[in-house]
Amino acid sequence: MRADALPALPASTGLSRLLLWSAYAGVWIVVGLFLAVAELQHYLRLGGAHPWEPFLWELSSTLTSAGLVLLVFRWHRHLFERDRALVERVGGHVLGLLLYVLLHSAGMYAVRFVIYAVAGVAYEPGSVARVLTYEAAKDTVSYLLVVLVCHGVLLFLREQQRRRDWQRLNDELTQARLARLTEQIQPHFLFNTLNLVSSVMYEDVERADRILAELGELLRRSLEAGRATTHSVAAELQLVEPFLSIMRQRFGDRLTVDIAASDEARRCEIPSLLLIAPLENAIKHGVARHTGPTRVSVSAAVEGTALELAVTDSAALLERDARPGAIGLANTRERLAALYGDAASVTLAGEEGSTVLRIRLPARP
């Protein structure tokens, strides 16, 4: 859609369309009745014998206008939906004004002649030239006001369409960006996991077989998770179980894993594969580089309107966050920024002899 193109009217259901048309007709009827009541007072002061006449005059005029306004709207939209010269647009509206005067006069006087004939009352509006001259002055003002209102409506619809297009493009860009980051994460942890399998397969074949079985489960779950941008904390914890099982088989008694998540936190929504990179960093740069036993803990809790996830390891090796090529934590921050903006944060700090990575994001069930 071109930036200067005027949008189509929003689609509506059958019921909403009926309500819209009813409201449109109701507004015009109310306007006609209001004008008729005002005219009735003047009519009675002049000694009019048929109090219904002012209602006939005003309602025949307003209801005819109600139908013509829709045509004027379409005509104005036709003139402005393409790059037309100003002269062409003005000329188009001059023609529209002439047709409006002729159709409005013909429509309302036809209704009046019919009603007067049914009522058996004589009706002499005057010559055609006199009628057209009288009506043209009023219809010119009416036509200009209608065009101004129509142009305002079209500008409003154009702005709404631009906002919808911008939001759609922004959503598509965000989804593409998240998909790219997820694709970076998956090869990253899979490559490191395969290296771990390779390091034990010649030492203990049965153990390597178990690791490969866990790796197959990890691949299956990661592929399922990769199809969605987000899922629940419970689903994320299920996803990391085979990864942690592989790590426990790799490091044996050197690695102890604890997982603690409240029921409320388990129901919250988080980006898919969010915990893989923090856990991998904790194990690779904590357990693998520490000769003694290391405890890795994963916790999830809701604090007010925020969900806090924490990955803790007992090896205080903070330099991993600043090391060259640390794409895991960089991707975590970028994904959270794309989804939540400033409402999410990632911090890495030493706390009581342990390294703690905290992720805070809005708690959304």
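The values are calculated or read from the model by the stated rules, or taken from the named source; none is laboratory data. Just so it is clear, the structure is predicted and the values come from calculations on it, not from any experiment. Don't worry about glycine lacking a Cβ; one is built from the backbone with ideal geometry, like all the others, and counts go over all protein chains shown. Just the protein is used for accessible areas: all its heavy atoms, side chains included, with ligands, DNA and RNA removed. Shrake-Rupley method; radii C 1.70, N 1.55, O 1.52, S 1.80 Å.
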Practice item. Spot the failing condition for Pro324; the list is (1) touching a helix residue (DSSP H, G or I) at 6+ places or on another chain (Cβ under 7 Å); (2) farther than 27 Å from Arg220 by Cα; (3) modelled with pLDDT under 80, and only one is missed. Key: (1)
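Pull up the stretch 15-50, narrow it to residues that are hydroxyl-bearing (Ser, Thr, Tyr) and surrounded by 11 or more Cβ atoms within 10 Å (Cβ to Cβ), then point me to the one that is nearest to the chain's Cα centre (by Cα). If you could, list the steps in order and put the result at the bottom.
Our first condition is that a residue be hydroxyl-bearing (Ser, Thr, Tyr); within the stretch 15-50, this holds for 16, 22, 24, 43.
So of that shortlist, the ones also surrounded by 11 or more Cβ atoms within 10 Å (Cβ to Cβ) come out as 16, 24, 43.
On the way: Ser16: 22, Tyr24: 29, Tyr43: 56 Å.
Looking at the filtered set, the residue picked out is Ser16.
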Point to revise | Near pairs, Cβ below 7 angstrom, 6+ apart or cross-chain, from the stretch 98-126 (more than 13 Å from Trp57 (Cβ to Cβ) and modelled with pLDDT of 90 or more) to any residue that is in a helix (DSSP H, G or I) and of a type in the set (Phe, Trp, Tyr) | key: Tyr100/Tyr143
Revision key, fill the gap. Sole miss for Gly350 among (1) of a type in the set (Gly, Ala, Ser); (2) surrounded by fewer than 16 Cβ atoms within 10 Å (Cβ to Cβ); (3) in contact with a Leu (Cβ under 8 Å, 6 or more places away or on another chain); (4) part of a helix (DSSP H, G or I) is condition (4)
Point to revise | Cβ pairs under 8 Å, 6+ apart, first in the stretch 26-42 and more than 14 Å from Glu53 (Cβ to Cβ), second open to solvent by 70 Å² or more (accessible area, probe 1.4 Å) and assigned to a helix (DSSP H, G or I) | key: Trp28/Leu63; Ile29/Leu63
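I'd like to know if the stretch 242-250 contains one or more residues that are among the polar types (S, T, N, Q) and either more than 18 Å from Ala213 (Cβ to Cβ) or surrounded by fewer than 18 Cβ atoms within 10 Å (Cβ to Cβ) (or both).
no
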Point to revise | Selection from the stretch 79-133 of residues that are open to solvent by 70 Å² or more (accessible area, probe 1.4 Å), in contact with a helix residue (DSSP H, G or I) (Cβ under 8 Å, 6 or more places away or on another chain) and outside any helix (DSSP H, G or I) | key: Ala122
Revision key, fill the gap. Okay, strands (runs of 3 or more DSSP E) sitting entirely in the stretch 209-296 with 3 or more residues that are more than 35 Å from the chain's Cα centre (by Cα), I get 255-261
Practice item. Could you grab me the full set of residues in the stretch 51-77 that are within 19 Å of Ala119 (Cα to Cα) and open to solvent by 60 Å² or more (accessible area, probe 1.4 Å)? Key: Pro51, Trp52, Phe55, Trp57
Review point. Which residue pairs have Cβ atoms under 7 Å apart, sit 6 or more places apart or on different chains, and have a first residue in the stretch 66-93 that is over 14 Å from Leu148 (Cβ atoms) and aromatic (Phe, Trp, Tyr) and a second that is assigned to a helix (DSSP H, G or I) and open to solvent by 60 Å² or more (accessible area, probe 1.4 Å)?
Key: none
